[in-house]
Amino acid sequence: MRLRMKGTPYKMRWRAKELSLALIILVCTTIFILTWDRSPTLTSTLPSKNQLQLSPDIKTVPVDPKTHVKEDISTLTRGEAVNNKEGQHVDKTRSTNTAKSSSDFEEVTIQKKEAAAKHKHSPKREETNVIESGSDSKLIAETNNVILRGNTSEQEEKSVDHQACDYRKGKWVIDDRRPLYSGHGCKQWLAPMWACRMMQRQDFAFEKLRWQPKDCEMEEFEGSKFLKRMKDKTLAFVGDSLGRQQFQSLMCMITAGKNSPDVLDVGKDYGLVIPPGGKRPNGWAYRFPSTNTTVLYYWSSTLCDLEPLNILDPQTEYAMHLDRPPAFLRDFLDRIDVLVLNSGHHWNRGKLKANKWIMYVGGEPNTNRRIADMGSAKNFTIHSTLKWLNSQLPKHPHLKAFYRSISPRHFVNGDWNSGGSCNNTIPMSIGKEVLQEESTDQSAANAVRGTRIALLDITALSQVRDEGHISRFSLTASPGVQDCLHWCLPGVPDTWNEILFALI
């Protein structure tokens with residue numbers, strides 16, 4: 001009995017020690033497990049369960065910084081390809097399902113071990129599909145290895161190549177394959193006042209120039225390829241007389257300047273008829289039956305709504321609603337697949353006075369002095385119309401919208417009505433190359449910034465083509481008056497359409 005009594009405290013002490021030891025082991029184990037989960041040093045010793053496995057048809061190719069990559073980058077989901085200062089190109093695939101601001105660019109770094117793309121957003125950059133504005137329109141890709149899709153089709157390669165090309169930069173070169181149509185032959189579409197072959201001009205070296213983008217090739221325009229690309233679609237030019245020149249140029253390019261009796265006049269479908277007492281309709285629309293492709297032009301020199309103040313008075317004044325888009329756009333936007341807008345040269349007091357246009361804002365005559373200034377009125381209107389158009393794009397996901405930068409004038413020693421001239425007929429005499437980062441038309445660049453509307457930037461490349469204007473050879477101009485605004489056709493506007501063709 002005594003022995004049991006003496007042994008009992010001893011056993012109790014031993015069990016207490018066992019419990020304490022077990023508790024210590026449990027605590028240590030718990031701490032070790034928690035430390036293991038949270039420590040990158042410890043976890044890096046284990047093989048990753050999510051390590052990327054490359055399938056047999058995927059190749060890992062090191063990127064040469066001087067090489068143009070034509071294949072799609074499979075790890076990218078959306079974006080744009082742009083040039084950096086060294087002329088590098090990185091191709092991305094555009095997503096058409098999400099409406100993204102033009103300021104959303106992505107800088108891509110692909111890890112060596114995990115081959116996973118990380119996207120970083122760079123603020124305040126301007127997306128213009130391919131032609132971009134602003135000194136920040138450069139994408140630097142710090143890429144060690146790029147994962148490329150195997151068996152990339154030739155069509156996919158060309159598509160990516162075109163997106164990578166900055167058509168704004170480049171130089172004019174002589175090409176004996178130009179022009180793309182005859183100024184003599186394209187009488188069906190080309191107005192005589194712009195067909196310099198029908199005038200007194202004798203030198204036509206300007207017709208042989210082709211725009212060569214820097215570090216890339218521009219797709220050769222062919223009418224059949226254009227119609228195939230625009231099958232069951234409508235392309236609309238809306239703007240001033242320079243927009244009409246681009247429209248007529250495209251019609252000549254599609255038909256190669258040949259008579260095309262099968263092309264249908266469908267102007268009535270868009271309300272483009274000669275109004276009572278008018279000399280011509282407000283535009284034209286033609287359809288190519290073989291592909292059901294429609295190309296049209298609507299005259300709206302200021303891209304705002306014009307409303308007669310008294311429809312019963314033939315001499316009525318017009319309310320120029322600076323904050324309303326043209327009624328034509330509101331009525332037919334759902335039927336347009338590619339839209340090209342332009343404005344600029346009608347924004348002067350003389351034009352407004354001659355047309356009897358009165359500025360209106362908010363449905364009332366404008367009383368804001370800041371807007372009354374012509375430059376401010378133009379910017380206010382363009383921003384207003386493009387803001388409205390941008391708001392409509394989610395409703396029309398099929399629509400690609402462009403705002404074309406201003407076409408330069410080349411009057412010297414005066415203006416059109418004060419003895420200004422442009423007598424030079426020698427191509428590239430004032431330059432042939434454009435390498436600048438920013439758009440020459442900053443007003444246009446600012447107008448599209450933050451929208452999904454692309455800038456069709458043609459100003460700088462047209463600026464060095466002073467020999468391409470109608471000049472003194474017009475058959476209808478008054479003595480001493482030269483046309484240093486409009487272009488001879490064939491001519492510079494053909495290049496605008498070549499770039500547009502590459503972008504669509």
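Computed from the coordinates by the stated procedures, all read-outs in this text should not be read as laboratory data. Small disclaimer: the values here were computed from a predicted structure and weren't measured. Note that we place each Cβ from the backbone using ideal geometry, even for glycine, and neighbour counts take in every protein chain shown.
Table for the structure above
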read-out	value
Cα-based shape type of segment 240-299, given that a ≥ b ≥ c are square roots of the gyration tensor eigenvalues and the cut on a/c is 1.5	oblate
Among 205-217, 454-466, the order from most to least packed when residues are scored by Cβ within 10 Å on average	454-466, 205-217
Label point at D269 placed 7 Å out along Cα→Cβ; residues across segment 313-346 whose backbone nitrogen lies under 20 Å	328-340
Residue-by-residue Karplus 3J(HN,Hα) for segment 242-256, coefficients 6.51, -1.76, 1.60, Hz, glycine and proline x	5, x, 5, 4, 5, 5, 5, 4, 5, 4, 5, 5, 5, 8, 6
Net charge over other residues, Cβ less than 10 angstrom from the Cβ of Q246 (K, R count +1; D, E count -1)	+1
Residue-count net charge about T425 - beta-carbon cut-off 15 Å; Lys, Arg +1, Asp, Glu -1	0
Charge tally in the Cβ shell below 11 Å around W194, where Lys, Arg are +1 and Asp, Glu are -1, W194 excluded	+1
Per residue convex hull volume, Cα atoms of segment 328-413, in Å³	132 Å³
Extended-chain gain in nm, criterion 0.36 nm per residue less alpha-carbon gap, L309 and R178	42.3 nm
Karplus (6.51, -1.76, 1.60) ³J(HN,Hα), θ = phi - 60°, over segment 197-202, in Hz, Gly and Pro reported as x	5, 9, 10, 8, 5, 10
Built amide H within the under 5 Å cut-off of K169, gap 5+	K214
